[in-house]
Protein chains: 2
Amino acid sequence: MTSLKNDIFIKALFKQPVPRTPVWMMRQAGRYLPEYRKIREQAGSFLALCTNPELACEVTLQPLRRFSFDAAILFSDILTIPDAMGLGLYFTEGEGPKFKNPIKNAADIAALPIPDPYVDLRYVTDAVSLIRKNLQGAVPLIGFSGSPWTLATYMVEGGSSKSFQKIKSLMYNEPRLMHQLLDKLAQSVASYLNAQIEAGAQAVMLFDTWGGMLSGEDYAMFSLAYAKQVRQLLKTEHNGQKIPTILFTKGGGLWLETMADAGYDALGLDWQTNIGAARARVGEKVALQGNLDPVSLYAQPAIIKEKVQAILHSYGQGSGHIFNLGHGILPDVNPDHVKAMVDAVHELSPVYHS
Amino acid sequence: MTSLKNDIFIKALFKQPVPRTPVWMMRQAGRYLPEYRKIREQAGSFLALCTNPELACEVTLQPLRRFSFDAAILFSDILTIPDAMGLGLYFTEGEGPKFKNPIKNAADIAALPIPDPYVDLRYVTDAVSLIRKNLQGAVPLIGFSGSPWTLATYMVEGGSSKSFQKIKSLMYNEPRLMHQLLDKLAQSVASYLNAQIEAGAQAVMLFDTWGGMLSGEDYAMFSLAYAKQVRQLLKTEHNGQKIPTILFTKGGGLWLETMADAGYDALGLDWQTNIGAARARVGEKVALQGNLDPVSLYAQPAIIKEKVQAILHSYGQGSGHIFNLGHGILPDVNPDHVKAMVDAVHELSPVYHS
């Protein structure tokens with residue numbers, strides 16, 4: 001077990017004192033980096049990159065060579081589990097992820113296997129081990145998964161959706177089947193995240209990209225209930241180290257109180273949610289991660305600095321804040337603007353920890 | 001001045017006693033109705049339909065022949081104002097609205113005219129007069145406009161957007177220009193809505209479809225501030241009748257308190273926002289309109305009835321609730337399911353007004 005040279009990310013998740021606010025960025029390994037685009041081109045496809053542990057390791061480490069981020073996050077896709085279940089993930093230019101064999105009926109749900117991560121998702125656990133080794137304890141490695149609800153949306157819709165008609169029709173008309181699917185997914189997600197933890201992930205994050213498309217009642221029953229189930233099944237310790245957990249529901253700002261009771265150490269916030277107001281609502285229970293509007297990174301560096309300051313000020317004094325964007329970085333942001341954000345957090349945050 | 005045979009929609013907006021909860025539906029004149037599709041085909045295009053007062057009147061009245069709605073809403077598009085400003089609105093199959101001449105720079109903003117609704121948008125005021133005449137006082141007629149912020153997003157992006165990169169870059173980097181554009185739009189929207197009121201609209205609604213894509217601070221400065229300006233410029237009375245006003249920000253559930261102070265009589269709620277919780281937050285100040293998930297209408301009628309009951313129960317006892325969807329009806333809903341919703345409101349709501 002390598003001890004961490006920089007553990008402020010982990011400490012902030014547990015709301016322990018830190019000298020400054022830690023910072024990382026959702027989708028920090030990605031298309032905005034020319035060195036990423038080069039490897040992506042060599043790999044031939046996004047999926048080829050995800051499924052090759054050496055290449056996944058390389059692109060995971062790329063942003064850390066440029067920016068003083070306080071965490072690395074596994075380079076992977078949120079839809080690896082349904083792919084391992086046999087749905088046949090593929091990507092089409094401009095249309096995002098799709099499945100060759102989407103879920104169509106009760107028989108499809110009954111037939112879904114719960115993947116063995118060490119066999120069916122071996123390329124992920126291998127990537128985690130390799131990244132962890134190559135990080136040499138510089139910063140912690142975050143593992144992640146899509147949430148059961150979010151995975152289910154893609155599996156039933158067959159890809160991205162605007163209105164979520166198919167999955168919601170299933171949910172309204174056949175709630176028992178919906179619960180059966182979500183239960184299988186919760187088991188699969190927990191086993192997948194536990195395998196990432198065993199392979200070396202030092203924190204894990206659940207991405208509930210589409211929970212915010214539900215009504216509050218449906219969110220509680222069909223998304224949050226299964227995020228809770230995942231949390232209950234997670235290892236909370238590995239090799240004597242506590243493993244912090246983060247729950248991010250895009251569009252979940254209305255439901256922070258119930259999310260804070262789901263057992264996660266931190267909540268990710270989208271940019272619509274004011275972080276100071278969020279802290280007043282749930283900051284006693286959980287740490288908060290976020291929440292700069294990703295589009296802010298198109299602004300001039302001086303303006304980015306002002307926006308960073310506003311968020312640090314809004315959160316206020318003390319630990320429990322991990323700086324991040326409110327969603328993934330957009331593909332054509334100028335990397336210099338990312339540096340402006342990171343530099344601003346380094347420069348402006350120590351005063352909030354004195 | 002025809003007196004209204006059914007004025008419960010107007011009364012509920014002013015929180016006056018009503019025998020049951022009024023109900024109408026965003027996009028109630030639309031593609032889910034076969035009789036609409038027939039007229040749409042005859043017209044040749046969506047825009048041809050909007051710009052022909054006789055046809056716009058006909059499709060406005062169609063849903064009232066089928067369902068016991070308590071209000072009619074002008075059939076039109078939210079982007080008529082930018083079109084009247086010379087941006088050249090057109091529609092492409094599957095990609096939504098586009099502009100031939102989007103706003104590109106300061107000169108474009110400076111050159112934008114403020115349309116004279118009686119000249120440049122005459123087809124709208126003519127449609128309003130005609131619909132009002134044909135309604136014969138059966139139910140009130142709602143006029144509407146896109147909000148300044150929402151109009152600006154389409155004008156700067158050139159159409160629909162996912163990340164709103166162009167408009168937000170303008171907002172962050174050139175806030176003075178952004179305010180100049182929004183001020184022109186607020187003046188145009190107010191004059192447009194006032195013309196609709198003079199032509200016969202008995203209530204008006206501002207659709208802020210994209211306000212929810214902003215941070216709370218940016219929403220207050222760039223969207224709500226201009227909704228307020230519109231409100232201040234609106235006629236509050238016409239021919240001795242008070243004209244109620246409704247503000248709907250999709251994704252605005254976090255900001256109801258500030259929205260309730262903008263001077264509108266009612267707030268529209270999307271389906272993510274729990275209406276009972278919303279009433280507890282702002283129900284003393286404003287009426288509330290909403291908020292069934294539009295996708296619920298794909299559920300079986302018995303389930304639709306349960307969902308209606310849950311919303312009525314959540315709002316609770318007393319006036320100030322107008323039943324509606326949380327966003328526009330989806331194009332391929334079965335009209336029988338709309339009837340199930342309307343019937344449920346008629347059957348289940350009187351007990352909340354006893």
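Since every read-out is calculated from the coordinates, none of them should be taken as a lab result. Quick caveat, the model's predicted, so the values are computed rather than measured. Because the Cβ atoms are built from the backbone with ideal geometry, glycine has one as well, and the counts that use them run over all protein chains shown.
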Original post:
Within the stretch A:86-243, what percent of beta bridges assigned by DSSP are antiparallel, to the nearest 5?
Top reply: 60 percent
**OP:** Report, to two decimal places, the Cα Rg of the stretch B:314-354 normalised by 2.2 N^0.38 Å (N = number of residues).
**Re:** 1.34
**OP:** Name the residues whose placed amide hydrogens come within less than 5 Å of the amide hydrogen of B:Q289, ignoring near sequence neighbours (fewer than 5 apart) on the same chain.
**Re:** B:L267, B:G268, B:L269, B:I322
Original post:
Other chains near B:325-332: what is the mean number of their Cβ atoms within 10 Å of each residue's Cβ?
Top reply: 1
**OP:** State whether the stretch B:114-236 is rounded, prolate or oblate according to the following rule on the C-alpha gyration tensor (a ≥ b ≥ c being the square roots of its eigenvalues): a/c under 1.5 gives rounded; otherwise a/b larger than b/c gives prolate, and the remaining case gives oblate.
**Re:** prolate
Original post:
So for chain A, taking the charge dipole from beta-carbon charges (+1 Lys/Arg, -1 Asp/Glu), which of A:A227, A:S354, A:A138 sits furthest toward the positive end?
Top reply: A:S354
Original post:
Which value does Rg/Rh take for the stretch B:43-139 over its C-alpha atoms, Rh per Kirkwood?
Top reply: 1.05
Original post:
Pick from A:A152, A:A203, A:A111: which is most flexible by mean-square fluctuation in a GNM of chain A where alpha carbon atoms under 10 Å apart are linked?
Top reply: A:A111
**OP:** Note the distances from A:D261 to each other copy's matching label point, with points 7 Å along the Cα-to-beta-carbon direction, in nm, sorted shortest first.
**Re:** 3.0
**OP:** On a C-alpha basis, how far is the centre of the stretch A:94-129 from the centre of the stretch B:60-138 in Å? Whole number, if you could?
**Re:** 46 Å
**OP:** Could you give me the percent of Cα pairs per 10 Å distance bin for the stretch A:124-185, shortest bin first, beginning at zero and ending with the bin that holds the maximum distance?
**Re:** 19, 35, 18, 19, 8, 0
Original post:
Taking N as the number of residues in the stretch B:190-249, what value does Rg over Cα atoms divided by 2.2 N^0.38 Å take?
Top reply: 1.22
Original post:
Karplus couplings for the stretch B:85-99 from phi (6.51 cos²θ - 1.76 cosθ + 1.60, θ = phi - 60°), rounded to Hz, Gly and Pro as x?
Top reply: 7, x, 7, x, 6, 8, 10, 10, 4, x, 10, x, x, 9, 10
**OP:** For the protein assembly as shown, divide the Cα radius of gyration by the Kirkwood radius and give the resulting Rg/Rh value with two decimals.
**Re:** 0.98
Original post:
How long, wide and thick is the stretch B:266-354, going by the Cα atoms along their three principal axes, in whole angstroms, largest first?
Top reply: 37, 25, 15
Original post:
Lys/Arg Cβ at +1, Asp/Glu Cβ at -1, dipole of chain B taken about the Cα centre: which of B:L182, B:P22, B:L170 is farthest positive-ward?
Top reply: B:P22
Subject >> Gaussian network model of chain B, springs between alpha carbon atoms under 10 Å - residue of B:I303, B:I73, B:I311 with greatest fluctuation >> reply: B:I303
**OP:** Within a 10 angstrom radius of each residue's Cβ in B:269-280, how many Cβ atoms of other chains show up on average? Whole number is fine.
**Re:** 3
Subject >> Quarter of the Cα convex hull surface for the stretch B:13-80, i.e. its orientation-mean projected area (nm²) >> reply: 5.5 nm²
**OP:** Could you give me the radius of gyration and the Dmax of chain A, taking only the C-alpha atoms into account and expressing both in angstrom?
**Re:** 19.2, 59
Original post:
For the stretch A:111-124, in order, what is each residue's ³J(HN,Hα) by Karplus, 6.51 cos²θ - 1.76 cosθ + 1.60 with θ = phi - 60°, in whole Hz (x at glycine and Pro)?
Top reply: 7, 5, x, 8, x, 8, x, 6, 10, 6, 10, 4, 4, 6
Subject >> Label point 7 Å beyond Cα along the C-beta direction, distances from B:E284 to other copies (nm, shortest first) >> reply: 2.4
**OP:** Please list the non-local residues whose amide H lies under 5 Å from the amide H of A:I73, H modeled 1.01 Å from N, same-chain partners needing a gap of 5 or more.
**Re:** A:I142
**OP:** Binning at 10 Å from 0, report for the stretch A:161-300 what percent of all alpha-carbon pair distances ends up in each bin.
**Re:** 11, 38, 34, 16, 2, 0
Subject >> Relative packing of peptides B:23-30, B:259-266 - highest average C-beta neighbours within 10 Å first >> reply: B:23-30, B:259-266
